[in-house]
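The values are calculated or read from the model by the stated rules, or taken from the named source; none is laboratory data. This one's a predicted model, so the numbers in the text were calculated from it and none came from an experiment. Cβ placement follows ideal geometry from the backbone for every residue including glycine, while neighbour counts extend to all protein chains displayed.
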Amino acid sequence: MSKELQPANVDKCADFQRLSRSALDECLESLLAMPASNPQAGQLQRLLHELQVYQVELEVQNRELLESQQQLEGARDRYADLYDFAPVGYLTLSDKSVILGINLRGAAMLGCERGRLVGKPLTPLLARRESRTLFAHLTQVFHSTDRVVDELHLKALSGREPIVVRIESIAAFAVEGAAATCHTAMIDITDQKQTEDALREGKARFYAIFNQAAVGVAVIDACSGKFQQVNQKYSDIIGYSCQEMQALDFTQISHPDDLLAEQVKMQKLWTGEMRDFSVQKRLFRKDGSIIWVNITVSSLWSKGKSPSFCMAIVEDITRAKQAEAVLDGRHRVLELMARGAAIHDVLSQLVLTAEALNPNTLSAILLLDEQGKHLRLGVAPSLSIESSYGIDSVVTGPSGAGCDNVRLSGERVIVKDIMHESRCLTCRETMQRVGLQSCWSEPILSSTGKVMGIFTTYGREASTPTCEAIELGQGSAQLAGLAIERQRNEEQARQHQAELTHMARLNIMGELATGIAHELNQPLSAIATYADVGLRMVETGLKQPEKLREALQCAHDQAVRASEIISHLRQLVSKHAPQKTTVDLNELINQVIYFMKNDSRMQGVKFEQKLTINLPCILGDCIQIEQVLLNLLLNSAEVMQAASSLKRKVTVSTILNGDGYIQVAVADSGPGMSAETLERVFEPFVTTKGVKGMGMGLSICRSIIEAHGGRLWAESQLGHGATFLFTLPLGTALNHVK
């Protein structure tokens, strides 16, 4: 190279350095494309050209190296930023847990400056007893090439709350002669752990509520109908364990009579036609017994278009159903009592109700005799004749299956096993023959606490009755006591009423004594007259047998008439039980007025009859209805004593009203009654006859009419007479026209 060319070359190099990368590339391309130098230019020119080419290439390489260095520095800065500000803490740890490096996020998680952490062990920052976990973690890391994951609890530093972190570590390749290290990522999972703890707590709370719920809860699979899960209450209700229930489907424990209707509703539940339904049904328990439940079924929908499961909430309503049946049975018993049914029918219904509510048992009611010494079988509708006779023969003895103990003590007696009970020696053979093994008895007490009988329940197996069975027997005994005492009170009332009625008839006969005597004197006088005629004809020897026969026939007819009067009087004054027969009211009224004609003639009273012809018959006691008519007619006749003879008139009328009743009215032309007297006229000991009356006649008449299903009342105004009216129902089987 010549000295003349050197400065130019140096200037050229300076120019190259000032060029941009793209300009250098263009310059290099132009130099390479330059044609070969002229041979006259010499070797120096060629060398200069090559030097320029090399210089440009070197400058290009320098530029590339500078750009790479800048990129590397930028990448290093970005890495540092990512490392320091990453959401995860990064640490470099030695096998002794010394912190060799840590990013800013890690330092922030540890609650300390980075400069104070590097070179310090991690263990002082751990919660109590966490050091062992850390060293076990590091040991596993340095003996494995896999990533190792653990959890650590860090202390509260700089006023921060303790946190939980997940550490993920992997061993770093150690340079020969250098200490082993590992790279650890530290992730704050405090919120996650709190959420998990809350979920676990909520799940535990849910299962606590699920298992301790007062109602049974079951989850049923939609496809198979099998139980997926049941709570403890459901298990208690049905008798199967929770594990046993998972092997069953709901059809296996459902009563067949209730299953079809439930399956129809379940099908609608699966297809989405309904979301829930409630039904009362019967279920079979594991022991074979049947219980009543109220079940509410709701569908549990998944992401699909059909429910995956259904939830059944079950409540045992067996006791409620039993109570409902008890009330229904006792309601029927009370209805019978209200209708005045026979005591045998009432007690039989009571026994049948108890047997229906307590299966596998038979019941009987034993009644105490009038002397209060022996129990006799009252009703036992389900026992055979042989069984009934056997029980009756036992209870009349001194100690029939403990019944005598109930009679004497008035307390409940339970015999678990009759065959091994010392109190049942006399009845053991009989009970064994009829197949009865146990019994329990409740005393039937009156309102005063007196034993009237015993309600006894017999079991076919040796067992002790349940609380429900004892409660049922106690309630049945109380209702039986009410029915028996009511029947006895009614019987006493009937006897008392009969006595009063009999006294009233005697009083009526006393008032009619004069008329009755005259009624008897007429046929007796006629008999004496006809007898005298016959005797004279015989004494004189007159041979006129036709006249003698006529006299004797007339005497006979008068004797029959007197006998009929006496027989009728005996019926009126005698005591007898009411007997319902067919009664023609019009005919009865004619007989009563004929019976009173002599008294009415002496008192100057005229009887007028307005009777509806072809009146249907009624069903009643003829003597009692005649007593009512006599009493009303006598009262009407007596209240008119102060009236003039022209006004002494009593009108008796009968009509058939539209309600199926015959109405009888007795109207007088007397002075009438005030409103105050009219209100009290039917009360006992209230009389319209002054000192002559007892005040019981109208009260008894009302009782008689009401006992026949009718009604008796009075209508009156002062100065316009009084009218007594009563109605009687037509006989159900005797509604014919005479």
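Residue-by-condition table, conditions (1) at pLDDT below 85; (2) in the same structural domain as Gly475 (by TED's automatic domain parsing); (3) among the small types (Gly, Ala, Ser); (4) not in a loop (DSSP other than H, G, I, E, B):
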site	(1), (2), (3), (4)
Met266	yes, no, no, yes
Glu273	yes, no, no, no
Arg282	no, no, no, yes
Ile291	no, no, no, yes
Thr296	no, no, no, yes
Leu336	no, yes, no, yes
Leu350	no, yes, no, yes
Query raised in the report: Of Asp146, Asp150, which residue is in contact with a His (Cβ under 7 Å, 6 or more places away or on another chain) and either free of Cβ contacts under 8 Å to residues at least 40 places away in the same chain or closer than 14 Å to Cys182 by Cα (or both)?
Result: Asp150
Query raised in the report: Which of the residues belonging to region 232-247 are surrounded by 18 or more Cβ atoms within 10 Å (Cβ to Cβ) and of a type in the set (A, V, I, L, M, F, W, C)?
Result: Ile237, Ile238, Met245
Query raised in the report: Quick check: is even one residue across region 248-258 surrounded by 12 or more Cβ atoms within 10 Å (Cβ to Cβ), at pLDDT 85 or above, of a type in the set (Asp, Glu) and assigned to a helix (DSSP H, G or I)?
Result: yes
Query raised in the report: Within region 99-129, how many residues are surrounded by 18 or more Cβ atoms within 10 Å (Cβ to Cβ) and not in a helix (DSSP H, G or I)?
Result: 5
Report summary line: When restricted to Ala675, Ala637, the only residue in the same structural domain as Gly710 (by TED's automatic domain parsing) and touching a helix residue (DSSP H, G or I) at 6+ places or on another chain (Cβ under 9 Å) is Ala637
Query raised in the report: Is it fair to say Val314 is part of a strand (DSSP E or B), touching a strand residue (DSSP E or B) at 6+ places or on another chain (Cβ under 6 Å) and crowded, with 20+ Cβ neighbours inside 10 Å?
Result: yes
Requested in this report: Answer yes or no as to whether Glu335 is without any contact (Cβ under 8 Å) to a residue 40 or more places away in the chain and within 12 Å of the chain's Cα centre (by Cα).
Outcome: no
Query raised in the report: Quick one: how many residues across region 457-475 are under 21 Å from the mean Cα position of the chain (by Cα) and of a type in the set (D, E, K, R)?
Result: 2
Report summary line: Reported set for region 592-622 where residues are closer than 19 Å to Ser703 by Cβ and touching a residue at least 60 places away in the same chain (Cβ under 8 Å) is Ile618, Leu619, Gly620, Asp621
Requested in this report: Those residues that are in contact with a strand residue (DSSP E or B) (Cβ under 8 Å, 6 or more places away or on another chain) and among the acidic types (Asp, Glu), I need them from region 96-133; list them, please.
Outcome: Glu130
Report summary line: Those residues of region 181-215 which are in contact (Cβ under 8 Å) with a residue 12 or more places away in the chain, under 30 Å from Cys242 (Cα atoms) and surrounded by 10 or more Cβ atoms within 10 Å (Cβ to Cβ) amount to Phe210, Asn211, Gln212, Ala213, Val215
Report task. Output the helices (runs of 4 or more DSSP H) that fall wholly within region 130-243 and possess 1 or more residues being at pLDDT 85 or above and over 31 Å from the mean Cα position of the chain (by Cα), or say none. Result -> 131-142, 190-212
Requested in this report: State which residue is modelled with the lowest pLDDT when the search covers only region 483-501 and only residues that are touching a helix residue (DSSP H, G or I) at 6+ places or on another chain (Cβ under 8 Å), over 13 Å from Ala707 (Cβ atoms) and surrounded by 17 or more Cβ atoms within 10 Å (Cβ to Cβ).
Outcome: Gln487
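Condition check ((1) modelled with pLDDT under 85; (2) assigned by TED's automatic domain parsing to the domain that holds His143) across all residues:
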| position | (1), (2) |
| --- | --- |
| Ala41 | yes, no |
| Glu57 | yes, no |
| Glu67 | yes, no |
| Thr92 | no, yes |
| Ile102 | no, yes |
| Gly111 | yes, yes |
| Arg116 | no, yes |
